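Chemist: Pasting in a structure now, in structure tokens, and then I'll have a few things to ask.
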Amino acid sequence: MNKIVFATNNKHKLEEIRSILGEKFEVLSLSDIGCHEDIPETSDTLEGNAMQKAQYVFDKYGYDCFADDTGLEVEALGGEPGIYSARYAALDGDDSISHDSEANMTKLLRKLEGIENRKARFRTVIALITHPQSLPKGGKYDVLHSNKDNENPSPREGQRVGFEGIVNGSIIRERRGGEGFGYDPIFQPEGYDQTFAELGNEVKNHISHRARAVQKLAEFLSL
């Protein structure tokens, strides 16, 4: 497998993925393959959304592809915001603040007012879909799910494998730090006394949920 598509145009994600996978793989973005449409994400799970994006690229463009989806899951809120993390504030009816990190953090902090349990986790799921001949042979797979044992998958369906990365932590009571994005200023990973936004990208990219999922993907592709 020489070329593989990462179903994103996020430059930060692309740089991180390319640095981890190294020169062994040519990682293409959606723009690189001429995909400029909005890919549907209609599942009610991170796994479903990630596979939906990967399947779309595989079916329409014919490339081996992987996609990711990430959610912040807060224990006291029953796992919210979860799959709605990026548009959490907009769920209240104001579409103009969809993907507005400040609004999302404000809503989350407000809902946690007076609650002592601040436990939370970031969870990233990566879904990979490949042509049968592209799948690594042999070895053990530390994966979320796989249909690698299906000897005769249909060419359209391809072979699917999923990877999960989790980092546990807590939601602090006020924003701290100026780096990162999303909920980073209010998420303090377990074992650290700084938020993701204070630790900086170099440290975050080493310990983050996405880094852990990507490392599993890299190990799988290198078998």
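A short reminder: the numbers here are calculations on the coordinates, not readings from a lab. Just so you know, these numbers come straight off a predicted model, no measurement behind them. Methodologically, a virtual Cβ is constructed for each residue, glycine included, from the backbone with ideal geometry; neighbour enumeration extends over all protein chains shown.
Chemist: Under a plain spin-label model, where a point goes 7 Å from the Cα along Cα-to-Cβ, how far apart in nm are residue 192 and residue 84?
Modeler: Those two pseudo-labels are separated by 2.8 nm.
Chemist: Of the chain, which part is the longest with no GluC sites (Glu not before Pro) in a loop (DSSP not H, G, I, E, B) and with at most 16 other C-beta atoms within 10 angstrom?
Modeler: Formally, the longest exposed-site-free interval is 42-112.
Chemist: Also, I was wondering about something else. Please check: in the Gaussian network model of the chain (C-alpha springs, under 10 Å), which one of 168, 117, 205 has the largest mean-square fluctuation.
Modeler: In this elastic network of the chain, the residue with the biggest mean-square fluctuation among 168, 117, 205 is 117.
Chemist: With contacts defined as alpha carbon pairs under 8 Å and 6 or more residues apart, what's the relative contact order of segment 3-221 in percent?
Modeler: Taking the mean separation of contacting Cα pairs over the length of segment 3-221, I get 17 percent.
Chemist: Ok, one more. When the chain is treated as a GNM, springs tying every alpha-carbon pair under 10 Å, which of 170, 19, 29 comes out with the largest mean-square fluctuation?
Modeler: It is 19.
Chemist: Would you mind pulling out the separation of the Cα centroids of segment 6-46 and segment 57-94, in Å?
Modeler: Cα centroid to Cα centroid, the span is 15 Å.
Chemist: Find, among the trypsin sites (Lys or Arg not before Pro) in segment 169-221, those assigned to loop by DSSP (not H, G, I, E, B) with at most 13 other beta-carbon atoms within 10 angstrom.
Modeler: Working: sites: 173, 175, 176, 204, 210, 212, 216; in loops: 173, 175, 176.
Qualifying residues, ordered by number: 173.
Chemist: At a Förster distance of 22 Å, what's the computed FRET efficiency of residue 219 paired with residue 10, Cβ-Cβ distance as r, to 0.05?
Modeler: My answer for the efficiency is 0.45.
Chemist: Using +1 at the C-beta of Lys and Arg and -1 at the C-beta of Asp and Glu, which of 74, 131, 58 has the Cα lying farthest in the positive direction of the dipole of the chain?
Modeler: So the residue furthest toward the plus end is 131.
Chemist: If the limit is 19 Å between Cα atoms, which of 3/60; 60/216; 13/53; 13/60; 53/111 go over it?
Modeler: 60/216; 13/60; 53/111
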